[in-house]
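Participant: Take this structure, written in structure tokens, and hold onto it; I'll ask about it next.
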Amino acid sequence: MDWKNTLIFKCKIYVKNHVVKKNNRPIYKNKATNKVFLGKSNKLVEAENHMISSLRQAWFNWPEFPKNPIAYPVNVKMVFFFNEQEFFTKKGNVSKHIPDLSNLYQLVEDCLQKASILENDHWIAGHDGSRRSPTLDQSYLEIEISSL
């Protein structure tokens, strides 16, 4: 099968809100080594579990479900849809509370690996077409994985 420029996987995941992995993480101290490390907030754990579960379900229901995780360079297009009221201010500007696109990638990339869709997230060679966008619907994420 020729994988060149081929759609490998596509899904739509509804979320309560888009969570950024690096923000609001609790700081813990290892009692044995006295080293400080970042933990996961309950909000992050909940978002991660929901994302992994939704990705696995979509992956197993994909008509051309591959037996093995993807282990070659791919483009992962992620479109983060935010409810219009959250996306815009009353003046019609994009809200400063909407996370940067680059910060939104990390949770999804890690979940694609934990859901065994990607062997390793280092196989992501690009994010062509990714963006943040308003919607009248509830917040959701569309993911398209295609070969390069």
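Participant: Excluding residues fewer than 8 places away in the same chain, name every one of the lysines whose C-alpha is closer than 27 Å to that of LYS22.
Facilitator: Partners found: LYS10, LYS12, LYS31, LYS35, LYS40, LYS43, LYS77, LYS96, LYS114.
Participant: Non-local amide H neighbours of LYS21 (under 5 Å, H modeled in plane, Pro and chain starts lacking H): which ones?
Facilitator: LEU107
Participant: Averaged per residue, what accessible surface does the stretch 1-126 expose to a 1.4 Å probe, in Å²?
Facilitator: 65
Participant: Could you give the length gained on full extension between PHE65 and HIS50, defined as 0.36 nm per residue of separation minus the Cα-Cα distance, in nm?
Facilitator: 3.3 nm
Participant: About its Cα centre, how strong a charge dipole does the chain have in debye, to the nearest 20, once Lys and Arg get +1 and Asp and Glu get -1 at the Cβ?
Facilitator: Here the size comes out at about 760 debye.
Participant: Also, quick follow-up: When only DSSP loop residues count, what GluC sites (Glu not before Pro) in the stretch 51-148 have their Cβ near at most 14 other Cβ atoms within 10 Å?
Facilitator: When the GluC sites (Glu not before Pro) of the stretch 51-148 are filtered for loop state and at most 14 Cβ neighbours within 10 Å, GLU64, GLU119 remain.
Participant: Only bridges with both residues in the chain count here: give the DSSP antiparallel percent, nearest 5.
Facilitator: Looking only at bridges with both residues in the chain, the antiparallel portion is about 70 percent.
The values are calculated or read from the model by the stated rules, or taken from the named source; none is laboratory data. Note that the structure is predicted; figures quoted are calculated from it, not measured. Glycine gets a Cβ as well: all are built from the backbone with ideal geometry, and neighbour counts include every protein chain shown. Quick note on the areas: whole protein, heavy atoms, side chains included, nothing else; ligands and nucleic acids left out. Shrake-Rupley method; radii C 1.70, N 1.55, O 1.52, S 1.80 Å.
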